[in-house]
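Working notes for the structure below.
The values are calculated or read from the model by the stated rules, or taken from the named source; none is laboratory data. From a predicted model like this one, the values you see are computed outputs, not experimental measurements. All Cβ positions, glycine included, derive from the backbone under ideal geometry; neighbour counts span all protein chains shown. Heads up: the accessible areas ignore ligands, DNA and RNA and are worked out on the full protein's heavy atoms, side chains in. Shrake-Rupley method; radii C 1.70, N 1.55, O 1.52, S 1.80 Å.
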Amino acid sequence: MVELRFHGRGGQGAVTSAELLALTAIDQGKYAQAFPSFGPERRGAPVVAFARIDDKPIRMRVAVREPNYVIVLDPSILKIVNTSDGMPAQGSVQVLNTSRTAAELRKDFGLKGKLVTVNANRIAAEEIGRVITNTTMLGALVRATGLVDVDGMIVQLKERFGRIAEGNIKAFRRAYEECVIEG
Amino acid sequence: MAQRKGMEVSIAIAEAASACDVDCIAAYPITPQTHVVEHLAEIVAEGELDAEFIPVESEHAALSACIGCAAAGARTFTATSSQGLALMHEVLFIASALRMPMVMVVANRALSGPINIWNDHSDVMTERDVGWLQVFAENGQEAVDLVILAHKISEDHRVLLPIMVHFDGFIVSHMIEPLSLPDRDEVKKFLPNFVPAMRLDIDNPISMGPVGMPTVYTEAKMVAEAAVRGSYGPIVETFKGFGDMFGRHYRPVETYRSEDAEIMMVTMGSISETAMTWVDAQRERGEKVGLVRFRLWRPLPIEDFKNAVRGAKALTVIDRHFSPGGPGGPVSAEIKQVLYGTADAPQIVEFVAGLGGRDINMEDFDQMYGKTKAVLAGAPVPPFELIQVRGGHHGEI
């Protein structure tokens, strides 16, 4: 089983990211969960969402505490939240929306895990026209982890976003190509 | 054929109610039940379901409207949580006394105060005496299946009682997970049209709910007891019919790896899933531990439970609610009552955990299991213990 935690700010679509990932995994025959952190939702406040993926039924009804993969949708979150909290020492990955390099971020924030960086703000602004980075970040996550197939994710993006799917798909594909995977 | 699909459990429950072709829905939105009724309102507004959706000013009105619908012969559905269920309290007794078939799903949530929107079982456990049938779902699939089952059980002329389907707020209600949603044709085969035993009809007028003088009240209560207890047979039969048709089997008392277990955990609702994962880990270490839980909470399946725990040396009972100043949690109190005087009854070690949305994690199960083992090793049986308290019972909070 792999466990994921998504960090973002209310309104940026962290919950949608977790949902799209789980729905894609389920469509591909896997077992998955996605759920929000169930707090009072306020626009702009730090939020987290969770997901789990496994080849067998998942029997866990608690929040994710030791995520294998962490996705940070908003660069400013790093200053106020310890996104590395609970990450296992082995095999964990953080996927970060940033204009900076992994080395710089590691120096400033002491982040755990292999770092994957992508300038999702710029990609989302150019392809979607708004700095909503949830679908963009999924591109980097899928590239870095191979958790689900690209085509399966695109099916979900089409279903979820309908007539505005095209920009989201482009942003997803660009992040898949442009993300920088450390080491 | 049903298709396996990822979806939010609340949405799936609304779709299940729709597949049951309900005639009337009267409900008031309350977190975390909201998505169920919102989605049902959409389904009705889109014309996908030919039903009356009655928006009401409160849960008290919602249940009162449901009684009217059921009395008129309509297949009736509602949903609530926490304060909403509490506000229905006095009407709950009336729905059951009038023998009104209806289904209510309850997204279980803590009662105030302090105000808390998260999951525990204080809402359901304070409504044990209302004369409704009550079943617990542990995950989304079970919630969907139990909605369908509940309509069939409730409308059975040998039963004719309202039924609550409990599922945990947020950690089940808001979860995206894989589900198999039976389609309308399949459901229709399992659940034929509702045939009321009696109904309000202007051409054949009857009175429902007259006063019960001291000369009849006791007899009315005896009838209620016989009705709720007597529903056990039809419930088991309906579970079996569902299993034969859909391949998913339900029992009044469910067990997991309990065959040779010396210690059994007793859980209710979705923590049972986490407990199964914990049991698997313990079994790998050679621990003889299993799991037992009530699927059916009313009527309480007493003989099934006795059979399920026979041979166990101790039960670790985890309640999600308790009565301040009382003897402990409601589930453990009922178990003690059931087992009192039974030869070779297991020791009962009682805990209260997971209140107001606090997760019950592996180390919590470890702790409760360790204390139960200590009792088997000769330590005195402690009174019920509220675990997970920061700083301990007498420390800084």
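For the reader, a short list of remarks on this structure follows.
- Considering residues of segment B:293-315 that are under 24 Å from B:ALA150 (Cβ atoms) and assigned to a strand (DSSP E or B) only, the residue most open to solvent (accessible area, probe 1.4 Å): B:ARG298
- Condition check for B:ARG75: under 25 Å from B:ASP185 (Cα atoms), among the charged types (D, E, K, R) and modelled with pLDDT of 95 or more: yes
- Hey, B:PHE365 in contact (Cβ under 8 Å) with a residue 12 or more places away in the chain, farther than 24 Å from B:GLY113 by Cα and either in contact with a Pro (Cβ under 8 Å, 6 or more places away or on another chain) or crowded, with 16+ Cβ neighbours inside 10 Å (or both) or not: yes
- Within segment B:170-187, residues that are more than 7 Å from chain A (Cβ to nearest Cβ) have Cβ atoms under 6 Å from residues that are basic (Lys, Arg) in these pairs: B:SER180/B:ARG4, counting only partners at least 6 apart in sequence or on another chain.
- Exactly one residue among B:SER332, B:SER323 is more than 14 Å from chain A (Cβ to nearest Cβ), in contact (Cβ under 8 Å) with a residue 24 or more places away in the chain, within 18 Å of B:HIS121 (Cβ to Cβ) and small (Gly, Ala, Ser), and that residue is B:SER332.
- Residue check for B:ALA275: in a helix (DSSP H, G or I), surrounded by fewer than 20 Cβ atoms within 10 Å (Cβ to Cβ) and either at pLDDT 95 or above or among the aliphatic types (A, V, I, L, M) (or both): no
- Some residue of segment B:331-347 being under 21 Å from the mean Cα position of the chain (by Cα) and not in a helix (DSSP H, G or I): no
- Qualifying residue in segment A:36-43 (condition: modelled with pLDDT of 95 or more and either more than 10 Å from chain B (Cβ to nearest Cβ) or outside any loop (DSSP other than H, G, I, E, B) (or both)): no
- Meets criteria (part of a helix (DSSP H, G or I), of a type in the set (Lys, Arg) and either within 11 Å of another protein chain (Cβ to nearest Cβ) or in contact with a strand residue (DSSP E or B) (Cβ under 9 Å, 6 or more places away or on another chain) (or both)) for A:ARG52: no
- Taking the criterion of being more than 9 Å from the chain's Cα centre (by Cα) and surrounded by 23 or more Cβ atoms within 10 Å (Cβ to Cβ), the residues of segment A:14-30 that qualify are A:VAL15, A:GLU19, A:LEU20, A:ALA22, A:LEU23, A:THR24, A:ALA25, A:ILE26.
- In summary, B:LEU40 fulfils each of the numbered conditions (1) surrounded by 18 or more Cβ atoms within 10 Å (Cβ to Cβ); (2) more than 23 Å from the chain's Cα centre (by Cα) with the single exception of condition (2).
- Once segment B:1-16 is narrowed to residues that are in contact with a Pro (Cβ under 6 Å, 6 or more places away or on another chain) and within 14 Å of chain A (Cβ to nearest Cβ), the residue that is surrounded by the fewest Cβ atoms within 10 Å (Cβ to Cβ) is B:ARG4.
- Taking the criterion of being outside any loop (DSSP other than H, G, I, E, B) and surrounded by fewer than 23 Cβ atoms within 10 Å (Cβ to Cβ), the residues of segment A:72-92 that qualify are A:PRO75, A:SER76, A:ILE77, A:LEU78, A:LYS79.
- Selected residue (criterion: farthest from B:GLU38 (Cα to Cα)) from residues of segment B:158-175 that are open to solvent by 10 Å² or more (accessible area, probe 1.4 Å) and in contact with a strand residue (DSSP E or B) (Cβ under 9 Å, 6 or more places away or on another chain): B:ILE171
- Residues within segment A:1-35 that are part of a strand (DSSP E or B) and at the interface with chain B (Cβ under 10 Å from one of its Cβ atoms), tallied: 5
- If you go through segment A:124-149 and pick out every residue that is under 17 Å from A:ALA32 (Cβ atoms), open to solvent by 20 Å² or more (accessible area, probe 1.4 Å) and part of a helix (DSSP H, G or I), you end up with 1.
- Residue in segment B:50-65 that is over 23 Å from B:ILE148 (Cα atoms) and either within 14 Å of another protein chain (Cβ to nearest Cβ) or of a type in the set (Val, Ile, Thr) (or both) present: yes
- For B:ALA72, the stated conditions hold: it is closer than 23 Å to B:ALA227 by Cβ and touching a residue at least 24 places away in the same chain (Cβ under 8 Å).
- B:SER112 meets the stated requirement of being assigned by TED's automatic domain parsing to the domain that holds B:LEU200 and without any contact (Cβ under 8 Å) to a residue 40 or more places away in the chain.
- Condition met for B:GLY290 (more than 22 Å from B:VAL147 (Cα to Cα) and assigned to a loop (DSSP other than H, G, I, E, B)): no
- Filter pass, A:VAL48 being open to solvent by 10 Å² or more (accessible area, probe 1.4 Å) and in contact with a Ser or Thr (Cβ under 6 Å, 6 or more places away or on another chain): yes
- The listed residues are B:ALA71, B:ALA107, and the only one of them that is farther than 18 Å from B:HIS35 by Cα and either out of contact with any His (no Cβ under 6 Å at 6 or more places or on another chain) or of a type in the set (Gly, Ala, Ser) (or both) turns out to be B:ALA71.
- Qualifying residue in segment B:368-377 (condition: outside the structural domain of B:LEU111 (by TED's automatic domain parsing), outside any helix (DSSP H, G or I) and on the phi < 0 side of the Ramachandran plot): yes
- Some residue of segment B:222-239 being among the acidic types (Asp, Glu), under 27 Å from B:LYS188 (Cβ atoms), loosely packed, with under 12 Cβ neighbours inside 10 Å and more than 13 Å from chain A (Cβ to nearest Cβ): no
- Selection over segment A:55-71 of residues that are more than 23 Å from B:ASP364 (Cβ to Cβ) and part of a loop (DSSP other than H, G, I, E, B) gives a count of 2.
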